[in-house]
Amino acid sequence: MSSSCRRPEHMAPPEMFYNEEEAKKYSQNSRMIEIQSQMSERAVELLNLPEDQSCFLLDVGCGSGLSGDYLSEEGHCWVGVDISTAMLDVALDREVEGDVVLGDMGEGMPFRPGTFDGCISISALQWLCNADKKTHSPPKRLYTFFSTLYSSLSRGARAVFQLYPENSEQLELITSQAMKAGFSGGMVVDYPNSTKAKKFFLCLFAGFSGTLPKGLGSETVDRGVPNQVQFTGQRSRFKNMKGKSAKKGKDWILEKKERRRRQGREVRADTKYTARQRRPHF
């Protein structure tokens, strides 16, 4: 397999892979910024935070603060943790509104009990499944992370992790260690029938047994995947998009307006003219 096809976590430990060059490239790539924003938006939606209320959130694997930017836009305060000094340096250069902390998630979260109202993590959790040192045990590092995270969350809070699992065994390892640490919940899969748009979110509940949110983009139920949520046809109009942007289309505008209504924002009523395509003026 060529190096261009290898997963980043197979190439080097995160603190080495995300060096100064990679950190700047990651933070200046417009496509990467858009993807990060979309994943952050979905993660916050799955957190199901109280409407019209600023929350104190933890961003694990915050990197250069791209996901934190979305949290700030939504009116939340946040603290970010990352193992890469180069990524955190970029975050400081960008003057992100949250506080950032250098730390290895596999060594646990260094926060007092009940500190945070919720936690998100974008594309970071799968790194814990690798043993980068002889002393590293992925199950132990996952359990250390989840147990200390559980403690740092207020009871009734949620933690949502967007991740890129390598296989079903990795999913089982991650989920089992989270449950062992006291969490309930499971995996939410968006667009499970799409190769490009398929996304995995581990949705965890601290101190209560909640109902898993529904995955987007499928009417089918895959009963062969442990802890997988049942899917409905909600937003099924997007299921054939295969990762292509639907922005500015009528469906996208209606969906955005509905999402803002759920957040308690003032939104104009829908009419027959909503998202109407206007003829160009010459």
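Annotations
- One chain, two ends: Lys214 and Ser37. Fully extended at 0.36 nm per residue, the span grows by 61.7 nm beyond their Cα-Cα distance.
- Amide H within-cut-off set for Val101, under 5 Å, with H built and near neighbours excluded: Gly80, Val81, Asp82
- Share of pairwise Cα separations in region 20-134, more than 16 Å, in percent: 59
- Thr175, Thr148, Thr211, ranked by accessible area, largest first (probe 1.4 Å): Thr211, Thr148, Thr175
- Exposure of Lys256 as accessible area (Å², to 10), given a probe of 1.4 Å and all protein chains: 70
- Set Lys25/Lys180; Lys196/Lys256; Lys24/Lys250; Lys214/Lys256; Lys134/Lys199; Lys199/Lys250 screened for pairs whose C-alpha atoms are more than 26 Å apart: Lys25/Lys180; Lys24/Lys250; Lys134/Lys199
- Computed over every Cα-Cα pair of region 67-134 and binned at 5 Å starting from 0, the pair-distance distribution P(r) comes out as 3, 13, 24, 26, 20, 10, 3, 1, 0 percent.
- Amide H contacts under 5 Å for Gly215: Val189, Thr232, restricted to partners 5 or more places along the chain or on a different chain, H placed in the peptide plane at 1.01 Å from N.
The values are calculated or read from the model by the stated rules, or taken from the named source; none is laboratory data. Only a predicted model underlies this, so the values are computations on that prediction, with no experimental measurement involved. What goes into the accessible areas is simple: the full protein's heavy atoms, side chains included, and nothing from ligands, DNA or RNA. Shrake-Rupley method; radii C 1.70, N 1.55, O 1.52, S 1.80 Å.
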